Amino acid sequence: MTIDLAVIGGTGVYALGELADAEAFQPDTAYGVPSGPIRVGTYAGKRVAFLARHGEGHSLPPHKINYRANLVALKEMGAQRVLALNTVGGISERFGPRVLACPDQLIDYTWGRISTLCEEPGSEVLHVDFGEPYTTSLRQAIVQAAHQASVAIVDAGCYGATQGPRLETKAEIARMRRDGCDLVGMTGMPEAGLARELGLDYACLAIVANWAAGAGPDADAVITLQDVLDNVAVAMAGVPKVLQRLLVR
Ligand code: HPA
């Protein structure tokens, strides 16, 4: 089976409404089972796979996701290109709630997650190049597709991956800002690194759900799940248009 594009959905994105005639697969991999069924169907005339990263009922916290099984399953099913949808908080000015962004850099603050395929004794030790953590050609295609679809997108930015599941303190976000992070999320790593180890084309389409702690005009704003979900729902309106354009290219 060939899959033109695999889409991994994040918080608030548990299905792709436009996926027609979808068939559900529940593959098993050498690393265990993915977060949920992989739904393969037709989207803009192409074969598209969709997987909800946290499970379709959002039952998996970021540190419990089997990132290896998710990516290996998609690869074994024939995917070469992976578009990761990641719900994030915005840190710097251009990344307010409801913005779509395609980051070009990341910093990994996660810990204790299995972050490599080289974990098991006897597995080949890989030191993959990760200077550009996202596949440039896929990033460019996403940004161009957004432009063609007249969907606003911020091209570039640095994604900081935190451990979660709690949100960050203001001091943590202030530090991340000093480090150069524009966005903060909990699932960007180890996913991007594993995709590179697997030789997959991988890029992130980030959906800004809220100002990160202490960022934005109201430094004392409390972040609620309802705000997050409401903003994701609004920003997601542009995503099918971007996917359409990306797929017909
Ligand atoms: N921090 C971390 N992850 C997130 C946030 C946040 O503020 N919002 C959505 N995902």
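Taken together, the values in this text are just the output of simple stated rules run on the coordinates, not laboratory data. None of the values given here were measured: they were computed from a predicted structure. Quick reminder, even Gly has a Cβ in these numbers, built from the backbone with ideal geometry, and neighbours come from all protein chains shown.
Evaluated with a Cβ-only charge set (Lys, Arg +1; Asp, Glu -1), segment 44-89 carries a dipole of roughly 140 debye about its Cα centre, given to the nearest 20. The order of THR224, THR42, THR87, going from fewest to most other C-beta atoms within 10 Å of their C-beta, is THR224, THR42, THR87. As a ratio to 2.2 N^0.38 Å, the alpha-carbon radius of gyration computed for segment 180-246 takes the value 1.36.
For the Cα trace of segment 1-52, dividing Rg by the Kirkwood Rh returns an Rg/Rh value of 0.96. Using a Gaussian network model of the chain in which every pair of alpha carbons under 10 angstrom is joined by a spring, one finds that among ASN70, ASN210, ASN231 the greatest mean-square fluctuation is at ASN231.
Among MET189, MET77, MET1, a tally of other beta-carbon atoms within 10 Å of each Cβ gives an order, fewest to most, of MET1, MET77, MET189. Ranked by how many other Cβ atoms sit within 10 Å of their own Cβ, fewest first, the residues ASP218, ASP230, ASP201 fall in the order ASP218, ASP230, ASP201. Dipole of the chain computed with +1 at Lys/Arg Cβ and -1 at Asp/Glu Cβ about the Cα centre; of MET77, SER123, PRO240, farthest Cα towards the positive end is PRO240. Calculated from the alpha-carbon coordinates, segment 104-233 shows an Rg and a Dmax of 16.3, 52 Å respectively. Shown in residue order for segment 183-189 are the 3J(HN,Hα) couplings computed by the Karplus curve 6.51 cos²θ - 1.76 cosθ + 1.60 at θ = phi - 60°: 9, 9, x, 10, 10, x, 10 Hz (x for Gly and Pro).
Once you charge only the Cβ atoms, +1 for Lys and Arg and -1 for Asp and Glu, what is the size of the charge dipole of segment 1-114 about its Cα centre, to the nearest 20 debye?
160
Rounded to the nearest 20 debye, the dipole size of the chain about its Cα centre is 340 debye, using +1 on the Cβ of Lys and Arg and -1 on the Cβ of Asp and Glu. Among GLU172, GLU119, GLU93, which one shows the biggest mean-square fluctuation in a GNM of the chain, springs joining Cα atoms closer than 10 Å? Among GLU172, GLU119, GLU93, the largest mean-square fluctuation in the Gaussian network model of the chain belongs to GLU119.
How big is the shadow of the Cα convex hull of the chain, averaged over all directions, in nm²? Intermediate results must be reported in sequence, preceding the final value.
Numbers: hull surface 50.3 nm².
For the chain, averaging the hull's shadow over all directions gives 12.6 nm².
For the pair GLU18 and SER137, a Förster radius of 22 Å applied to the C-beta separation gives a FRET efficiency near 0.40, rounded to the nearest 0.05. Between the residues ASN210, THR169, VAL151, the greatest Cα displacement towards the positive end of the dipole of segment 151-249, with unit charges on the Cβ of Lys, Arg, Asp and Glu, is found for VAL151. Only lysines eight or more places from LYS75 in sequence, or on another chain, were considered; those with a Cα closer than 30 Å are LYS46, LYS64, LYS241.
Return the calculated 222 nm mean residue ellipticity for the chain, to the nearest 500 deg cm²/dmol, obtained by summing -39500 (n - 2.57) across DSSP H runs with n ≥ 4 and dividing by the residue count.
On the way: 6 runs with 62 residues, N = 249.
Only helices count here, giving -7500 deg cm²/dmol.
Pairs of alpha carbons in segment 45-152 separated by more than 19 Å make up 62% of all such pairs. Oblate is the label for segment 1-101, because the ratio a/c of its alpha-carbon gyration tensor axes (a ≥ b ≥ c) is 1.5 or higher and a/b is not greater than b/c. The GNM of the chain, with springs linking C-alpha atoms under 10 angstrom apart, assigns the highest mean-square fluctuation among LEU138, LEU71, LEU183 to LEU138. For the pair ASP230 and HIS127, label points projected 7 Å from Cα toward Cβ lie 5.1 nm apart.
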